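The values are calculated or read from the model by the stated rules, or taken from the named source; none is laboratory data. Everything numeric here is computed off the predicted structure, so don't read it as measured data. With ideal geometry, Cβ positions are generated from the backbone for all residues, glycine too; neighbour counts draw on all protein chains shown. Just so you know, the surface numbers come from the protein's heavy atoms only, side chains and all, with ligands and any DNA or RNA stripped out. Shrake-Rupley method; radii C 1.70, N 1.55, O 1.52, S 1.80 Å.
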Amino acid sequence: MGAAAAGTDRGPGPHDHLRRVEELLPIVRESYEILAGQNDIIILEGAGSPVEINLKRNDIVNIRMAELADAACLLVGDIDRGGVFASLLGTVELLDPGERARIRGFLINKFRGDVSLLEPGVRMIEDRLQRPCAGIVPYLPDLALDEEDSLGLPAIDADNIAPWRASADPERPLRIAVIALPSFSNFTDFDALRAEPSVSLHFCRSQDQLSQADVIIVPGSKQTVDDLQWLRSEGLDDALIDYASKGLIVGICGGMQMLGMEILDPEGMEHRGTVSGLGLLPIHTTMQPQKVTRISSGHLIPSSLFGQPMPSLRLSGYEIHIGETRYLESAKPFAQLQTGSTAEDQGHLDGCVAPDGRIFGSYLHGLFDDDSFRHAFLSAVRAFHKLAPVALVNDWKQKREESLDRLADTVRQSLDMPTIFAWAGLTYNERSSKERPH
């Protein structure tokens, strides 16, 4: 399918990035001060390494944020990736003297094996760094928790997956193809689906892979127009349009925008001008300078999905996008959402369902984390393809809660909590730390 783009001006470049960092730092400071006024303790998570020396001058996170907050720092080394002692020592050595003084200690994460075999190395690094080891956290398998985007990407190697085999078995797993876009974002949206015993989910980049799927999902994107153009360069646009004549398609956030009629970018947020969408949903999207970031909940509007009856369902998730989507004639919204509990919140419409009911899109990330919606979605897809009903479903919410509890218990048992609390000027109460709100 051909497409015309009016103008190809790119979005912000390196100099724009540096300027935006300078503009954003006062806002970050103000946000931190508001949080600090409302809480006794704030945990600041770093991003990557604090000694990326090529980026450090204009880095907001890590050491600059620690200095802004006058924070004591705990250096975390991931032994599962190897070279943890060199990493710890090299990081401290590359810090400036004033920055080094903020490092109160270190911990080793994801250790496998006998801790006694590691202890000689720990003692040597303590001597070299002149700082204590605050603990060694063991590797915990099967945690149903989100990965960081960059760390989880190896798990979606779309080029080395085994193809689905033809099967007439009505009990077979449901085949879900998620397109592995170059700028794929929020890929944890699909963790709950991957964990379902009745689902075989592949991250795909080829026409052959897509043609074998029971349902195709176009996920979120950090660069929507770039990824739309990539779809066209790979011939996946035509594959999707052909598939849409007989199959089921879902678009999440940027994926929904791509499924629309066109994407307008008058401010040059990504590509200045107008780009044709895939034409599968009756919507237009206009990129805006202000990003929408909100937690939303509400209810499903259509009484059927993929031609199958749907129960009355509550939905929840979060929105993070720069596009504002406008409905065209014949468009039907997917959900009615609210962002607050006040009477002034009149709510807003979300997403779109195609006139034939076989394609829908939504801005809600985390949509499939909701057990009720996910199970109803899987049942509808299986019924559409005349497959047997789901025999066993996964309680994702309970699994995540259990994983969080297991991680919290392990961290508390593995670390020198009184010392860490003392660094923050607090007294550690072991009894109250074990009490969880219900």
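Taking the range 136-181 as the range and being modelled with pLDDT of 95 or more, open to solvent by 20 Å² or more (accessible area, probe 1.4 Å) and closer than 25 Å to residue 227 by Cβ as the test, only 175 passes. Yes or no: residue 355 in contact with a Pro (Cβ under 8 Å, 6 or more places away or on another chain) and not hydroxyl-bearing (Ser, Thr, Tyr)? The answer is yes for residue 355.
Within the range 299-313, the residues that satisfy the criterion of being under 24 Å from the mean Cα position of the chain (by Cα) and at pLDDT 95 or above are 299, 300. Contact annotation: residue pairs with Cβ atoms under 9 Å, 6 or more positions apart or on different chains, pairing a residue in the range 413-438 that is over 28 Å from residue 139 (Cβ atoms) and among the β-branched types (Val, Ile, Thr) with a partner that is at pLDDT 90 or above and surrounded by 14 or more Cβ atoms within 10 Å (Cβ to Cβ), are 427/421.
To keep it simple, each residue is scored yes or no on (1) open to solvent by less than 40 Å² (accessible area, probe 1.4 Å); (2) touching a helix residue (DSSP H, G or I) at 6+ places or on another chain (Cβ under 9 Å); (3) of a type in the set (A, V, I, L, M, F, W, C).
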{"site": "371", "(1), (2), (3)": "yes, yes, no"}
{"site": "377", "(1), (2), (3)": "yes, yes, yes"}
{"site": "395", "(1), (2), (3)": "no, yes, no"}
{"site": "405", "(1), (2), (3)": "no, no, no"}
{"site": "417", "(1), (2), (3)": "yes, yes, yes"}
{"site": "430", "(1), (2), (3)": "no, yes, no"}
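Applying a threshold of 6 Å to beta carbon distances and a minimum spacing of six or more residues, or different chains, the list of pairs starting in the range 379-394 at a residue that is touching a residue at least 60 places away in the same chain (Cβ under 8 Å) and basic (Lys, Arg) and ending at one that is open to solvent by less than 70 Å² (accessible area, probe 1.4 Å) and not in a helix (DSSP H, G or I) reads 382/174.
Residue-wise test of (1) assigned to a loop (DSSP other than H, G, I, E, B); (2) among the basic types (Lys, Arg); (3) surrounded by 12 or more Cβ atoms within 10 Å (Cβ to Cβ); (4) modelled with pLDDT of 80 or more.
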position	(1), (2), (3), (4)
20	no, yes, yes, no
41	yes, no, no, yes
61	yes, no, yes, yes
67	no, no, yes, yes
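As a summary of the residue check, residue 330 satisfies the conditions (1) in contact with a strand residue (DSSP E or B) (Cβ under 6 Å, 6 or more places away or on another chain); (2) hydroxyl-bearing (Ser, Thr, Tyr); (3) without any contact (Cβ under 8 Å) to a residue 60 or more places away in the chain except for the one numbered (1). When residue 122 is tested against (1) assigned to a helix (DSSP H, G or I); (2) under 26 Å from residue 40 (Cβ atoms); (3) at pLDDT 95 or above, exactly one condition is not met: (2).
Would you confirm whether or not the range 78-96 contains a residue that is closer than 30 Å to residue 27 by Cβ, in a loop (DSSP other than H, G, I, E, B) and open to solvent by less than 70 Å² (accessible area, probe 1.4 Å)? Yes; the residues of the range 78-96 include at least one that is closer than 30 Å to residue 27 by Cβ, in a loop (DSSP other than H, G, I, E, B) and open to solvent by less than 70 Å² (accessible area, probe 1.4 Å).
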